[in-house]
Amino acid sequence: MRRAITAVISFALLALAFSTLSASAQSWPTRPVRFVLPLGPGSGVDITARLFGDKLSAKWGQPVVVENRPGGDAFIAITTVTQANDDHVLLFAPASTFTAHPLLHEKLPYDINDLVPIARVTNTLIALGVPADMGVNTVKELAAKIKAEPGKYNYASVTGANDLMFAAWLKTENLNMAKVPYKDAVQAVNDLAEGRIHAYVGAYAIMRARVQAGKVKVIALTNREHAKSLNDIPTAREAGFPGLEFDGLVGLLGPKTMPKTAIDRVAKDIAEIGMEKDVVDKLTSGGNVVNPGSPKDFADALADQRKTVKRIGDTLGIKASQ
């Protein structure tokens, strides 16, 4: 009898524990959630964040506010999240905005270990674009043009890892091309369309309107996988230049103090929304591959990208600060 009573009590306590965990997961969020972005309005990640934010707000019964904090090489957005140390303030960002930081800066104003991966959301299609009237239709033609007139042409890229990837490619191909710094991707694409810069590496989504207007020509995508939505555009590897290969990984990160129950709920809800046809259709047409993943999926993808960035650093002769 004593054993039976002990078993009943143990079962009751276990049931109570599971009930408490479930209630904890369901109670988050208790107030508005902020998605802090390192890029401005109209960027590919901004479009994605707003679409998911609207859907999540309906699921959670709390507003999801998208907060654009461009500039400062993503430091502004990242430190906004790390300094808040609040599980309702999350970083929604392309990994390329921060995976290259150890190569670009001797000291960082944040510790990457203060952020934990929550969910992979999409892979942005990253395009190499040139002015449509430049007379360049392939990467090979662009390389030949730069080589024929060294020092005449310039390029831009807003996020750090994409920038380093293109610089490493230039070095590998022995090409001389000046970099023009921008903090605003929209302005960079506007200048590309007007021929003030001659190449731009960034999200296809932000170039699309200029491409459709006949002002910008996309000559390759840096992503590993061929994009079915842009079937006529080759990947860099397909074009014969694997040195320009780099995936546009986008996801959510939060403070390391964020409860696992909340992390798991966000990841689960992101995955469910990522299967909705209207979400897939809208983001695919805008130049994204929708592929939500778990915290582990995102962590593994980040680790893989950091290995790629290290190889880029080795090519450029840059030693990581961390």
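The values are calculated or read from the model by the stated rules, or taken from the named source; none is laboratory data. Not measured: the values here are computed from a predicted model. Positions of Cβ are backbone-derived with ideal geometry, glycine not excepted, and every protein chain shown enters the neighbour counts.
Values computed for the structure shown
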item: One residue from 250, 189 being buried (at least 24 other Cβ atoms within 10 Å of the Cβ) and either polar (S, T, N, Q) or part of a helix (DSSP H, G or I) (or both); result: 189
item: Every pair of residues 6+ apart whose Cβ atoms lie under 8 Å, when the first sits in the range 89-117 and is surrounded by fewer than 17 Cβ atoms within 10 Å (Cβ to Cβ) while the second is modelled with pLDDT of 90 or more and acidic (Asp, Glu); result: none
item: Tally of residues being under 17 Å from the mean Cα position of the chain (by Cα) and hydroxyl-bearing (Ser, Thr, Tyr) across the range 47-78; result: 1
item: Test result for residue 206, buried (at least 23 other Cβ atoms within 10 Å of the Cβ), touching a residue at least 12 places away in the same chain (Cβ under 8 Å) and touching a Ser or Thr at 6+ places or on another chain (Cβ under 7 Å); result: yes
item: Of all residues making up the range 276-318, the number that are part of a helix (DSSP H, G or I), over 23 Å from residue 43 (Cα atoms) and of a type in the set (A, V, I, L, M, F, W, C); result: 4
item: Verdict on residue 283 being surrounded by 14 or more Cβ atoms within 10 Å (Cβ to Cβ), within 15 Å of the chain's Cα centre (by Cα) and either acidic (Asp, Glu) or at pLDDT 95 or above (or both); result: no
item: Any hit, the range 192-200, residues being in contact with a Lys or Arg (Cβ under 6 Å, 6 or more places away or on another chain), outside any loop (DSSP other than H, G, I, E, B) and under 16 Å from residue 131 (Cβ atoms); result: yes
item: Only listed residue being within 20 Å of the chain's Cα centre (by Cα) and either at pLDDT 95 or above or aliphatic (A, V, I, L, M) (or both), chosen from 267, 213, 262, 239; result: 267
item: Failed item, numbered, when residue 176 is tested on (1) part of a helix (DSSP H, G or I); (2) among the polar types (S, T, N, Q); (3) over 17 Å from residue 126 (Cα atoms); result: (1)
item: Residue list for the range 31-47, filter: farther than 12 Å from residue 250 by Cβ, surrounded by 11 or more Cβ atoms within 10 Å (Cβ to Cβ) and at pLDDT 95 or above; result: 32, 33, 34, 36
